[in-house]
Amino acid sequence: AEGVFTYDPGFMATSSCQSAITYIDGAKGVLLHRGYPIDQLAKHSNYVELCYLLLNGERPSKEEYQTFERTIRNHTMVHEQLANFYKGFRRDAHPMSILCGVVGGLAAFYHDHLDITREEDRQISAIRLIAKMPTLAAMCYKYNIGQPFNYPRNDMSYAENFLYMMFSNPCEEYQINPVFAKAMDRIFMLHADHEQNASTSTVRLAGSTGANPFACISAGIAALWGPAHGGANEAVLNMLDEIGDDSEENIQRFIDKAKDKDDPFRLMGFGHRVYRNFDPRAKVMKETCDEVLGQLGLADDPQLRIAKRLEEIALEDEYFVKRKLYPNVDFYSGIILKAIGIPTNMFTVIFAMSRTIGWISHWHEMISGDYKIGRPRQLYIGHPQRDYPTE
Ligand code: SDX
């Protein structure tokens with residue numbers, strides 16, 4: 001676009017990149033996907049359409065949408081032998097460790113005959129990852145709790161299918177709650193992409209070496225796992241449990257802990273590397289939280305009460321105001337996921353599933369154009385040259 005700052009290829013090759021996928025204005029709290037504001041997309045679109053938009057640059061026509069959506073439905077199954085990967089893990093392994101390992105192994109099943117120098121094969125890789133991540137994610141949960149895996153269903157929407165594969169079992173067919181399905185789809189959308197965050201930058205760096213897309217996504221999953229990044233949604237629920245009650249005195253005590261440099265405690269779900277204003281996703285997530293818990297008769301949920309009180313008090317606290325620390329995408333998402341019945345150790349897995357479209361869209365954008373191997377530079381602060389003693 002006119003006036004957009006562009007980098008010289010040399011600069012791009014070493015430390016940063018240019019992209020047309022997502023735009024963030026941290027000062028104004030703006031997030032655009034291919035130019036569309038996230039709050040409008042969350043209200044009027046759905047995750048599968050957003051996948052098409054992020055990957056291809058424009059919203060699909062009705063026919064394009066139907067073909068894309070049907071293709072995804074028809075690729076949700078995974079190779080039967082992949083189930084053996086799970087059996088190598090301890091039952092109590094964190095689902096993120098399983099997902100990271102299994103996705104890295106997908107290349108052995110789905111990449112060897114693909115040629116990513118061909119657009120058609122790049123699209124096949126992207127579709128397969130979008131389609132199979134919910135299946136692999138639900139399998140992580142089922143393995144964890146010792147229940148049999150569920151096969152995906154082609155008569156269900158993306159979000160319905162995920163809930164079905166998570167919660168159905170041979171003794172009792174899971175009845176899809178439309179409130180939960182809509183909330184899941186919105187959570188998928190709000191986590192879909194976020195410019196050059198740590199995990200997306202990891203995927204781009206891995207992809208710049210020519211590594212296959214499945215290995216690149218596995219690298220992204222590993223980066224997302226950290227509590228400072230994707231692991232924050234699980235950490236928010238643990239923090240709310242630790243806070244325990246919404247009395248002003250108790251909440252102020254935890255806010256003071258978060259301000260204490262000698263104390264490692266931080267307000268999880270607060271602050272951001274880029275936003276110096278409200279994370280626009282947090283606003284939509286808070287509305288969704290109110291909607292879901294209201295419809296479940298849980299508007300007075302203790303953790304929701306604590307979260308809202310914490311937000312109110314922190315946003316009036318000089319330390320947070322001066323540092324422009326606001327709730328981010330992770331602050332309310334965990335409360336919704338818990339209300340749906342999803343265990344906390346699956347929260348970051350859901351973030352990884354949702355972010356797969358962002359990761360693979362950035363991979364596709366880079367691989368489809370002129371690119372060089374990434375080579376971040378460093379500021380050397382070590383010894384100047386010195387001779388090795390010979391005596
Ligand atoms: C995600 O990059 C992305 O886009 C990520 C993400 C995505 O969609 O991919 O948006 C997803 O990762 C959201 C962030 C989830 N993480 C958390 O909620 C963990 C809690 N947040 C913090 O750890 C922290 O805010 C970070 C890691 C998110 C950002 O860390 P920074 O860059 O160090 O924060 P900063 O530079 O803005 O900090 C400025 C000051 C520092 O204190 P001073 O040195 O000025 O005294 O604010 C303090 C920080 O110590 N601070 C906090 C705080 N976050 C920053 N103090 C208390 N609680 C916090 N949460």
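The values are calculated or read from the model by the stated rules, or taken from the named source; none is laboratory data. What you see is a predicted model; the values in this text were computed from it and never measured. Positions of Cβ are generated from backbone atoms using ideal geometry, with glycine treated the same way; all protein chains shown enter the neighbour counts. Protein only, heavy atoms only, side chains kept; ligands, DNA and RNA dropped before computing areas. Shrake-Rupley method; radii C 1.70, N 1.55, O 1.52, S 1.80 Å.
Observations, loosely collected:
- Odd one out for Tyr174 among (1) at pLDDT below 95; (2) buried (at least 20 other Cβ atoms within 10 Å of the Cβ); (3) farther than 20 Å from Thr71 by Cα: (2)
- When restricted to residues that are more than 30 Å from Gln123 (Cα to Cα), of a type outside the set (Ser, Thr, Tyr) and not in a loop (DSSP other than H, G, I, E, B), segment 340-372 contains 2.
- In segment 355-391, residue surrounded by the fewest Cβ atoms within 10 Å (Cβ to Cβ) [restricted to those that are of a type in the set (A, V, I, L, M, F, W, C) and within 20 Å of the chain's Cα centre (by Cα)]: Met366
- One residue alone among Leu337, Leu304, Leu310 is open to solvent by less than 10 Å² (accessible area, probe 1.4 Å), in a helix (DSSP H, G or I) and over 19 Å from Ile255 (Cα atoms), and that residue is Leu337.
- Qualifying positions in segment 307-354 - within 12 Å of the ligand (Cβ to nearest atom), of a type in the set (Gly, Ala, Ser) and under 23 Å from the mean Cα position of the chain (by Cα): Ser333, Gly334, Ala352, Ser354
- Filtered residues of segment 60-88 (kept if farther than 14 Å from Leu136 by Cα and not charged (D, E, K, R)): Pro60, Ser61, Tyr65, Gln66, Thr67, Phe68, Thr71, Ile72, Asn74, Gly88
- Cβ-Cβ under 9 Å pairs, at least 6 apart or on other chains, segment 143-161 side under 16 Å from Pro95 (Cβ atoms), far side part of a helix (DSSP H, G or I) and of a type in the set (D, E, K, R): Tyr143/Lys87; Phe149/Lys142; Asn150/Lys142
- Within this structure, Glu80 passes the test of being on the phi < 0 side of the Ramachandran plot and more than 24 Å from the chain's Cα centre (by Cα).
- Candidate set from segment 37-57 (those that are free of Cβ contacts under 8 Å to residues at least 24 places away in the same chain and either closer than 13 Å to Ile357 by Cβ or β-branched (Val, Ile, Thr) (or both)); member that is most open to solvent (accessible area, probe 1.4 Å): Asn56
- Filter result for the condition that a residue is farther than 18 Å from Thr200 by Cα and crowded, with 16+ Cβ neighbours inside 10 Å, over Ile130, Ile24, Ile98: Ile98
- Considering segment 186-299, the qualifying helices (runs of 4 or more DSSP H), each wholly inside and each with 2 or more residues that are closer than 25 Å to Gly105 by Cβ and more than 9 Å from the ligand (Cβ to nearest atom), run over 198-207, 213-224.
- Flag for Ala126 being over 16 Å from Val349 (Cβ atoms), in contact with a Leu (Cβ under 7 Å, 6 or more places away or on another chain), of a type in the set (A, V, I, L, M) and part of a helix (DSSP H, G or I): yes
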